[in-house]
Amino acid sequence: MELGQSSYPRRKTRQIMVGDVAVGGDAPVSVQSMTTTKTADVDGTLQQIYDLAMAGCDIVRCTCNETEAAEGLARIVPRSPVPIVADIHHQYRMALAALEAGVHCLRLNPGNIRRPEHIKLVAQEAKARGVPIRIGVNGGSLHPDLYKKYGGKVTPEAMVESAQMELAYFDEVGFEDVKISVKASSVPLMIEAYRQLADVVDHPLHLGVTEAGPLPGGLIKATAGISTLLAEGIGDTIRYSLTADPVEEARSGRALLEAMGLRERKNVDLIACPSCGRAEIDVIEVARQAQEAFGDREIPLQVAVMGCVVNGPGEARDADIGIAAGKNKGHLFVRGQNVAVVPEDEMVDALVEWATFIGEHGVDAALERAKSTGDAARRAAERDRAELLDEKGEDANRSEQRVEVIRKL
Ligand code: SF4
């Protein structure tokens, strides 16, 4: 299924602009992350912003928790390759300072900035500058009145009401340039809160499972929450909140959107067989080396690492380029057709070289390039395949032999 033909019709939302990135409406779902550096450390923060942008992040958030951070933002914003959101908790003055620094969006936590006159003042100032605000409700820092009203519990209804209360303050000053999040660390809670919110507002929604935690659990929780909602058409921008290098957040967000057909592929989609008794190489290690070699290079191809030439080229025939292990060598194939044979220790280099060629010139040019080597490569692959089948037979995992033994016990 091609991009744009996804089976997840998007909920209709109004569109806002965060710098030059459109959020909501028919804009592609965007990826966000947050820097972990002190915002006052301008060079360190910019380095991280560049790393995030390289990893596919569309919008970056930086904390603005003190005057030095706001000063840092004034220096960071003009040099950033992506729009910058200032994260504001507790001190409304930091929101005003961030606006002065030129940020492209504010994130306000309604549980932490509570006085209506402060909220309205910030909204008025944002309106005057044409800067949008994210109402960032967080299950862990709900307004105490709402907490009490809902029986001392964080409920989806309480989170939605918190967002609506903030919206009402914004309405009073005619400010509408808003996106909203209702994050919680509980996946069922955040899913229900977003569903309820989507029923009552048409603002773009920023999805996330807050404090999801370290890998792999954090990745699983965030993916469970975000992908469930995206599959229901809910969500205009996403953030993975992982206890990990933020670059992992950006990569994860990007990978999820690509996997769901919601964004065009930007980097290599590396597939690899799970390995089995037939494998002629350490598939996990070779796949790891390939992943490292490709890094964040912008080669939008599917690349396969397969453990054996017996089944590999067939099982990965849809991959743009792949390699399957033979007898101490690697068999390169393009869309299932053998194109070259390389020594085993050159497999990864050859894979990167061919992928780069296809990225620049296309699959047809690669098949043309292989015209002189393709026949020999095909024969070599057939020989290895026959030899491996001879050695290990059809039952490489010896399952049937074992079954026979078990039956005789
Ligand atoms: S049969 Fe070959 S390609 Fe398939 S899992 Fe086993 S080693 Fe990998």
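Table for the structure above
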{"item": "Some residue of the stretch 369-389 being more than 16 Å from the ligand (Cβ to nearest atom), of a type in the set (Lys, Arg), crowded, with 17+ Cβ neighbours inside 10 Å and at pLDDT 90 or above", "result": "yes"}
{"item": "Where a residue in the stretch 321-344 is under 14 Å from Ser372 (Cβ atoms) and its partner, wherever it lies, is surrounded by fewer than 24 Cβ atoms within 10 Å (Cβ to Cβ) and charged (D, E, K, R), with Cβ under 6 Å and at least six apart", "result": "Asn338/Arg378; Val341/Lys329"}
{"item": "Selection status of Asn338, surrounded by fewer than 17 Cβ atoms within 10 Å (Cβ to Cβ), polar (S, T, N, Q) and closer than 18 Å to Ala380 by Cβ", "result": "no"}
{"item": "Some residue of the stretch 36-57 being buried (at least 23 other Cβ atoms within 10 Å of the Cβ) and within 27 Å of Val160 (Cα to Cα)", "result": "no"}
{"item": "Single residue of the stretch 314-333 satisfying the filter (surrounded by fewer than 24 Cβ atoms within 10 Å (Cβ to Cβ) and not in a loop (DSSP other than H, G, I, E, B)) that is farthest from the ligand (Cβ to nearest atom)", "result": "Lys329"}
{"item": "Filter result for the condition that a residue is over 20 Å from Ala350 (Cβ atoms) and not charged (D, E, K, R), over Gly312, Gly295, Gly307, Gly213", "result": "Gly213"}
{"item": "Residues satisfying the stated conditions in the stretch 331-348, i.e. within 21 Å of Arg297 (Cβ to Cβ) and more than 31 Å from the chain's Cα centre (by Cα)", "result": "Val339, Ala340, Val342"}
{"item": "Flag for Leu73 being outside any strand (DSSP E or B), closer than 15 Å to Thr35 by Cα, in the same structural domain as Phe175 (by TED's automatic domain parsing) and not hydroxyl-bearing (Ser, Thr, Tyr)", "result": "yes"}
{"item": "Members of the stretch 349-405 that are free of Cβ contacts under 8 Å to residues at least 60 places away in the same chain, within 37 Å of the chain's Cα centre (by Cα) and not in a helix (DSSP H, G or I)", "result": "Gly362, Ala370"}
{"item": "Unmet criterion (only one of (1) touching an Asp or Glu at 6+ places or on another chain (Cβ under 7 Å); (2) at positive phi) for Pro132", "result": "(2)"}
{"item": "Matching option when the condition is more than 30 Å from Asp296 (Cα to Cα) and of a type outside the set (Ser, Thr, Tyr), among Ala70, Ala55, Ala40", "result": "Ala70"}
{"item": "Subset tally (residues that are touching a Pro at 6+ places or on another chain (Cβ under 8 Å) and at pLDDT 95 or above) for the stretch 137-161", "result": "1"}
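The values are calculated or read from the model by the stated rules, or taken from the named source; none is laboratory data. Small disclaimer: the values here were computed from a predicted structure and weren't measured. No Cβ is skipped: glycine too gets one built from the backbone with ideal geometry, and neighbour counts run over all protein chains shown.
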